[in-house]
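Bear in mind these aren't lab numbers, they're just calculated from the coordinates by the rules spelled out. Keep in mind it's a predicted model, so treat the numbers as computed, not measured. Positions of Cβ are backbone-derived with ideal geometry, glycine not excepted, and every protein chain shown enters the neighbour counts.
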Amino acid sequence: MKKNKSFLAYKFKEWARDITSLANPLILIFVPFIFLGVTKTFYILLVALIVNEVFASIIKIVFPKKRPDGQTYTTILEKIDAGSFPSLHASRTTLVYLTLFSSTDIIPIKAVFLLVIVLVILSRILLKKHFWIDVLGGFVLGLLIWIIVSSV
């Protein structure tokens, strides 16, 4: 019975890694490009993603918070990567998939976009990369930037 638990735990962690990869910056540029094409919304989203990276990185530098796994750093770039708050995965995913959510009227697709946000956020916690407050902070940052750029 213990082997089944470890196998299931292994598969669950593997699935969480797959889900968290949906917040990879390359995917977060490619997927909107497929749905939006070369449009004003797409270009605004690209600028918003850059703004998101800058703000989150500044927060991580000024207010460093260790990740649950205790990742260490020696350089400023490593410090940003090792910072737990706010979750860049959560902020990026929120920003991109809310933009896509607002660009369609098809309810099942809207539901998938919202589900991706939730699953990526949960995956970051399950993989012990972030605490709840970190993903909540990332979600709020992504939401705020999305609200601002949505009015452009």
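When you have a sec, figure out the Kirkwood radius of the chain from all distinct Cα pair distances and drop it here in Å to one decimal?
Here the Kirkwood hydrodynamic radius works out to 16.1 Å.
For the chain, which DSSP H helices look membrane-span-like by this rule: Cα extent along the axis of 18 Å or more and mean Kyte-Doolittle of at least 0.0?
40-62, 88-102, 107-126, 132-150
Just grab the label-to-label distance for residue 17 and residue 140, each label 7 Å out from Cα along the Cβ direction, in nm (one decimal).
My value for the distance between the label points is 3.2 nm.
Between residue 118 and residue 151, what is the label-to-label distance in nm when each label sits 7 Å out along the Cα-to-Cβ direction?
2.9 nm
Full extension from residue 72 to residue 39: what is 0.36 nm times the residue separation minus their Cα-Cα distance, to one decimal in nm? Walk me through the numbers on the way to the answer.
Values: separation 33, 0.36 × 33 = 11.88 nm, distance 4.03 nm.
Contour length minus the Cα-Cα distance gives 7.9 nm.
Per DSSP helix of 4 or more residues, -39500 (n - 2.57); summed, then divided by the residues of the chain. What does that give at 222 nm, rounded to the nearest 500?
-25000 deg cm²/dmol
Got a sec? Which residues in region 116-148 would a label at residue 9 touch, if it sits 7 Å along Cα→Cβ and we count backbone N under 14 Å?
Once the point is set 7 Å along Cα→Cβ of residue 9, 127-128 turn out to lie under 14 Å by backbone N, inside region 116-148.
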